[in-house]
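Engineer: Provided herewith is a single structure, encoded as structure tokens, for subsequent inquiry.
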Amino acid sequence: MYLFTKEVAVECDSTVVLEPTEHAPAMARRFLAGRFAEWGIADDHDGRLIVSELATNALVHGHGPIVVRVFRDEHDGLPVIEVWECATRRLVVFPAQPGEDWRFSLGLMAYPDPKGKGGQ
């Protein structure tokens, strides 16, 4: 696990770079649990689930190191979870459409955009 230096990221305690191994999702969960504990958030179940899913997707579908950021939104103080990797294709996020069954997702779908023009 590598922390960004202050020259690379201002909030170095909120960002971690993980090697793309089978241990990355567990390390991402531990990182998030530590941040939540620092903030006094006892119920971190949803956060650990989300960061685990995102880190797993980055591991399976991406290339190179996995970057995890967990910080508080400057406007409302709610936790923000970001995970990214070095994918060669741009992902486009589409909001859930009315009438679709999104009970088992986060309400967003990401599709590879092979033309890099913002999706279809």
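What follows is calculated from the coordinates using simple rules that are stated; it is not laboratory data. Nothing here was measured: the structure is a model prediction, and the numbers come from that model. Cβ placement follows ideal geometry from the backbone for every residue including glycine, while neighbour counts extend to all protein chains displayed.
Engineer: Convert each backbone phi in region 61-75 into a coupling constant with the Karplus relation 6.51 cos²θ - 1.76 cosθ + 1.60 (shift: θ = phi - 60°), then list the ³J(HN,Hα) values in order as whole Hz, x for Gly and Pro.
Structural biologist: 9, x, 9, x, x, 10, 9, 10, 10, 9, 8, 9, 4, 5, 8
Engineer: At what distance in nm do the modelled label points of Ala26 and Glu82 sit from each other, each positioned 7 Å from its Cα along Cα→Cβ?
Structural biologist: Here the modelled spin labels are 2.8 nm apart.
Engineer: In what sequence do Glu85, Glu22, Glu38 fall when counting other Cβ within 10 Å, fewest first?
Structural biologist: Glu22, Glu38, Glu85
Engineer: Shifting gears a bit: Within 10 Å of each residue's Cβ, count the other Cβ atoms and sort Leu49, Leu18, Leu59 from fewest upward.
Structural biologist: Exposure proxy ranking, most exposed first: Leu49, Leu59, Leu18.
Engineer: Assuming R0 = 22 Å, what is the FRET efficiency of Glu19 and Asp43, from their Cβ-Cβ distance, to the nearest 0.05?
Structural biologist: 0.15
Engineer: Another one. So how do Asp73, Asp13 line up by other beta-carbon neighbours within 10 Å, fewest first?
Structural biologist: Asp73, Asp13
Engineer: Now for a different question. Considering only the other residues whose Cβ falls under 14 Å of the Cβ of Gly47, what net charge follows from Lys and Arg at +1 and Asp and Glu at -1?
Structural biologist: Value of the local net charge: -1.
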